[in-house]
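Remarks on the structure that follows.
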Amino acid sequence: MNAIAIAIHVAAAVIWVGGLFFAYVVLRPSALSLEPPERLQLWAAVFKRFFPWVWMAIIILILSGYWLIFDWFKGFATSPPYVHLMHLIGWVMALLFIYLYHRIYPVFVKAVEQQQWPEGAAALNRIRHVVLINLVLGFILLVLVAALQRLG
């Protein structure tokens, strides 16, 4: 059962961090050639499709993470340091996404729906900052955990 939990944990992390990488490194520069209305409408469509996947990834990461902490490691007290690091950074990333989704994203959606392009662009810029922070945290987490789990 732990092998399944690890597999879905890693898959959820790849979906989330890989999506952030694609959005920031590939789609963002490509979309800059579009006029603001088209660019903002593109991002609205992307977020509408990507954010449910992020919610699913967060739920899977939390459930599988706690499963592994309490079943495999027998609790936090006996978990190795890299597990505590994953736990902390994972929650920071999740809370940043929750903030983005409930505070910034509704402003973005409203601006796009009402064709208020400057307000939409400002909200998109705020979303971009949160995405970058989570992308950096996600990469740090993946690299550190890959290295530190070898040390136990």
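Taking the alpha-carbon centroid of each part, what is the distance from the stretch 105-149 to the stretch 1-58 in angstrom?
Answer, in whole Å: 10.
What FRET efficiency, computed as 1/(1 + (r/R0)^6) with R0 = 41 Å and r the Cβ-Cβ distance, is obtained for Gln149 and Arg103, rounded to the nearest 0.05?
Values: r = 34 Å, r/R0 = 0.83.
For R0 = 41 Å, the calculated efficiency reads 0.75.
Please give the length that would be gained between Trp117 and Asn2 if that part of the chain were fully extended, namely 0.36 nm times their separation in residues minus their C-alpha to C-alpha distance (nm, one decimal).
Numbers: separation 115, 0.36 × 115 = 41.40 nm, distance 4.80 nm.
Computed gain between Trp117 and Asn2 is 36.6 nm.
Label point 7 Å out from Leu63 along Cα-to-Cβ: which residues of the stretch 6-47 have amide N under 12 Å?
8-9
Under Stokes-Einstein, with the Kirkwood radius over Cα pairs standing in for Rh, what whole-number D in µm²/s applies to the stretch 37-120 at 4 °C and 1.567 mPa s?
87
Run the simple label-point estimate for Asn125 and Val26 please: 7 Å along Cα→C-beta, distance reported in nm.
Label at Asn125, label at Val26, 2.7 nm between them.
Which ³J(HN,Hα) values, rounded to whole Hz and listed in residue order, are derived for the stretch 84-92 from phi using the Karplus coefficients 6.51, -1.76 and 1.60 in 6.51 cos²θ - 1.76 cosθ + 1.60 with θ = phi - 60°, glycine and proline given as x?
Each residue of the stretch 84-92 in turn: 5, 5, 4, 4, 5, 5, x, 5, 4 Hz.
Compute the longest continuous run of the chain that contains no exposed trypsin sites (Lys or Arg not before Pro); treat a site as exposed when its DSSP state is not H, G, I, E or B and it has at most 15 other Cβ atoms within 10 Å. Provide the component values of the computation, followed by the final result.
Numbers: sites that count: Lys74, Arg150.
In short, 75-149.
Which entry in (i) 41, 37, 36; (ii) 53, 31, 28; (iii) 53, 24, 22 is this structure's computed Cα extents along the principal axes in Å?
Computed from the coordinates, Cα extents along the principal axes in Å corresponds to (iii).
Bear in mind that the values in this text are calculations on the coordinates, not laboratory data. Being a predicted model, the structure only gives us computed values, none of them experimental. Here the Cβ is made from the backbone with ideal geometry for all residues, glycine too, and neighbour counts use every protein chain on show.
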